[in-house]
Amino acid sequence: LGGAVAMSYALRYPEAVSKLMLVDSAPPEGLKTPEEHYPIIEQYKNDRNLLKQALGGLLPSLTDDAFFDQLVDRGMAMNPIAFSGNARALARFDYSERTGEFTKPVLVVVGRKDLLITEDVGKKSAAAFPNARFEALDDVGHAVMVEDPPRFTELLGEFAR
C-alpha cells in the first residue's frame, strides 16, 4: 500500500517530488486480489499463526526471529478494517493514465523472492514511467528494507544522489 500512496502523491503533486522510488509497489493500474482470497485475508486478523505464515511467505530471507515476531504482533494490532480494506483499496487504485506525465527519475525495485509483486509486475511498472529504471534483487522478498537494510540503504543513497 505504501508504494501506491507514494505514487499517488507524486502524480498529484509532481512539483513536490524530485524522484520517486517504488519498492515492491502495487503497479500503476492497481493490484486486484481475487474475491475468493478475501475470506482468508479476513482470517488473518484473528489467527496469529495464519498471519505469521502469510508474512513469512512475503519475507523469506528475514532471519531475525524476534524482529519477525514483532512484525507479526504489529500486524495483529492493525485496525481490523485494514486487512481486507487495504486489498480492496489497491483493487480500486488506478493511476495508469497519469504515469506518462511524471518525467522525473523513478526507481522501481522488486525482490525476486516476492510472491506478491513479481519481477514482471515491477518491469511493467517501470515501463509505465518515461524516466524509470528497474532493479530486481536476488535475495529478498517483499521488503528489502526489512530483509536487507544495508542493501536498501545503498540503493536509496545511490538513487538520491
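The values are calculated or read from the model by the stated rules, or taken from the named source; none is laboratory data. Everything quoted here is computed from the prediction, not taken from an experiment. Using ideal geometry, Cβ is built from the backbone for each residue, glycine included, and neighbour counts are taken over all protein chains shown. These accessible areas exclude ligands, DNA and RNA; they are computed on the full protein's heavy atoms, side chains included. Shrake-Rupley method; radii C 1.70, N 1.55, O 1.52, S 1.80 Å.
Taking F93 as meeting all but one of (1) under 25 Å from L155 (Cα atoms); (2) touching a Pro at 6+ places or on another chain (Cβ under 9 Å), write down the number of the exception.
With (1) under 25 Å from L155 (Cα atoms); (2) touching a Pro at 6+ places or on another chain (Cβ under 9 Å) applied to F93, the lone miss is (1).
Quick one: would you say L22 is more than 16 Å from R88 (Cβ to Cβ) and open to solvent by 40 Å² or more (accessible area, probe 1.4 Å)?
Judged against the criteria, L22 is not a match.
Condition check: among the hydrophobic types (A, V, I, L, M, F, W, C) and open to solvent by 80 Å² or more (accessible area, probe 1.4 Å). Does L115 satisfy that?
So L115 passes the test.
Which of the numbered conditions does E158 fail, given that it passes all the others? Conditions: (1) farther than 19 Å from L11 by Cα; (2) buried (at least 20 other Cβ atoms within 10 Å of the Cβ); (3) out of contact with any Pro (no Cβ under 7 Å at 6 or more places or on another chain).
(2)
Find all pairs meeting these conditions: Cβ atoms under 6 angstrom apart; at least six residues apart or on different chains; first residue within segment 71-95 and more than 16 Å from A143 (Cβ to Cβ); second residue open to solvent by 70 Å² or more (accessible area, probe 1.4 Å).
Correct list of pairs: M76/R48; A91/K32.
How many of the residues making up segment 25-43 are open to solvent by 50 Å² or more (accessible area, probe 1.4 Å) and farther than 14 Å from T99 by Cα?
Qualifying residue count for the region: 9.
So the check is Cβ under 8 Å with 6+ separation or different chains; which pairs have a first residue in segment 11-39 that's on the phi > 0 side of the Ramachandran plot and a second one that's loosely packed, with under 11 Cβ neighbours inside 10 Å and of a type outside the set (G, A, S)?
Between residues of segment 11-39 that are on the phi > 0 side of the Ramachandran plot and residues that are loosely packed, with under 11 Cβ neighbours inside 10 Å and of a type outside the set (G, A, S), the close pairs are G30/R92.
Where the second residue is among the charged types (D, E, K, R) and part of a loop (DSSP other than H, G, I, E, B) and the first is without any contact (Cβ under 8 Å) to a residue 60 or more places away in the chain and within 15 Å of V121 (Cα to Cα) and lies in segment 135-146, which pairs have Cβ atoms under 9 Å and are six or more apart or on separate chains?
A136/R112; L137/R112; L137/K113; L137/D148
State yes or no: is A66 small (G, A, S), out of contact with any Phe, Trp or Tyr (no Cβ under 8 Å at 6 or more places or on another chain), open to solvent by 40 Å² or more (accessible area, probe 1.4 Å) and part of a helix (DSSP H, G or I)? Explain how you work it out, then say what you get.
Working: small (G, A, S): yes; out of contact with any Phe, Trp or Tyr (no Cβ under 8 Å at 6 or more places or on another chain): yes; open to solvent by 40 Å² or more (accessible area, probe 1.4 Å): yes; part of a helix (DSSP H, G or I): yes.
Here the answer is yes, as A66 does meet what is asked.
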